[in-house]
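Okay, structure first, notes after.
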Amino acid sequence: MKLAMTILLAAQLCCNACEQRDTLLAVFWNLENFYDYHSESKPAVWTAGKFRSKCNAVAKTLLKIAERYGRYPDIAAFCEMENPFVTRSLLATTLLSKLGYSYVHYDSHDHRNMDCSLIYREAELKLKSSEPKHIHSEEGEILPTRDILLVQFDKLSVLVNHHPSQIGNKSEGRVRARERMTEIVDSLLSGGDQRVLALGDFNESLWPWKGQGTIKYNGLWEKIDGCFNYGEMELHEYVYDDDMLLIKDKAYGGVKPRRCFTGPSYSGGISDHLPIVLLISF
């Protein structure tokens, strides 16, 4: 009986692989102040042990996403990663090290030293090129905010965004970031790209969304993480709200993301954002 079930499962996985040749599974996640534990800018409470614990928790979440959706994420894009050491450690020190991922990460001009990064499975996607795209002021100066990360694969061009926060009256920066994203998308499409995916934390509710969002502020869920897709592809988007990412909201009721920091204090979670999962078919 066990042998028959094993054969049946193997056949099903083979069938799924055939069906998924023209599909991708992508994830985006704001990982909330993912500091390098060597960093001078890290909070005093941030240690090597807490850093490694967060790496393992992120990896475990990606593996649970794989369990739910039937395949490993082909792409996982992140923001609030302090430097390439953080992204490299996420791959090198966890179970992700056995799954054939590589990464792209550039240091940006952000005033908090937080960047966007991306990991991808080399068996599924061939990297063509990558580069950071700066955000400029009207005067042409580079703004002290996160670059837009452009990563081009053989099947898809991906833009990873983390637009300026609403805190501190940075609406002009968000406008410039949206304009810059649109410029890049238009350039890619006019240059012959058939598929462009722009995903990230846009710090605005830009999509009509029913149900639980990606972040909870003053008791209200907001959907500020999401994506825009262009060209020849179909996309389905989900907010991944696994119990391990949530905690009871004692102030407003229900649940909320179990954040890593509350101010300078360590809270023991992963992030104040929930990840989004994208099922892409060509």
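The values are calculated or read from the model by the stated rules, or taken from the named source; none is laboratory data. Remember, predicted model here, so these are calculated numbers, not experimental data. Glycine also receives a Cβ, built like all others from the backbone with ideal geometry; neighbour counts cover every protein chain displayed.
Scanning the range 69-97 for residues that are among the polar types (S, T, N, Q) and touching a residue at least 12 places away in the same chain (Cβ under 8 Å) yields ASN83, THR87, SER89, THR93, THR94.
Here the strands (runs of 3 or more DSSP E) wholly within the range 195-282 that include at least 1 residues being closer than 24 Å to LEU150 by Cβ are 195-201, 225-231, 234-239, 276-281.
Let's see how each residue does on (1) in a strand (DSSP E or B); (2) among the small types (Gly, Ala, Ser); (3) surrounded by fewer than 23 Cβ atoms within 10 Å (Cβ to Cβ):
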| position | (1), (2), (3) |
| --- | --- |
| VAL45 | no, no, yes |
| PRO73 | no, no, no |
| LEU90 | no, no, no |
| TYR120 | yes, no, no |
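With respect to (1) surrounded by 19 or more Cβ atoms within 10 Å (Cβ to Cβ); (2) in contact (Cβ under 8 Å) with a residue 60 or more places away in the chain, the lone exception for ARG112 is condition (1). ARG178: basic (Lys, Arg) and in contact with a Gly (Cβ under 6 Å, 6 or more places away or on another chain), yes or no? Against the criterion (basic (Lys, Arg) and in contact with a Gly (Cβ under 6 Å, 6 or more places away or on another chain)), ARG178 does not qualify. Among the residues of the range 92-118, those that are within 22 Å of ALA198 (Cβ to Cβ), outside any strand (DSSP E or B) and either of a type in the set (Val, Ile, Thr) or in contact with a Lys or Arg (Cβ under 6 Å, 6 or more places away or on another chain) (or both) comprise SER108, ASP110. Restricting SER187, SER171 to residues that are closer than 28 Å to GLY213 by Cβ and among the hydroxyl-bearing types (Ser, Thr, Tyr) narrows the list to SER171.
Taken over the range 134-190, residues that are of a type in the set (Ser, Thr, Tyr), surrounded by fewer than 18 Cβ atoms within 10 Å (Cβ to Cβ) and touching a residue at least 24 places away in the same chain (Cβ under 8 Å) amount to 2.
Comparison of ALA77, ALA66 shows that the only residue that is buried (at least 18 other Cβ atoms within 10 Å of the Cβ) and at pLDDT 95 or above is ALA77.
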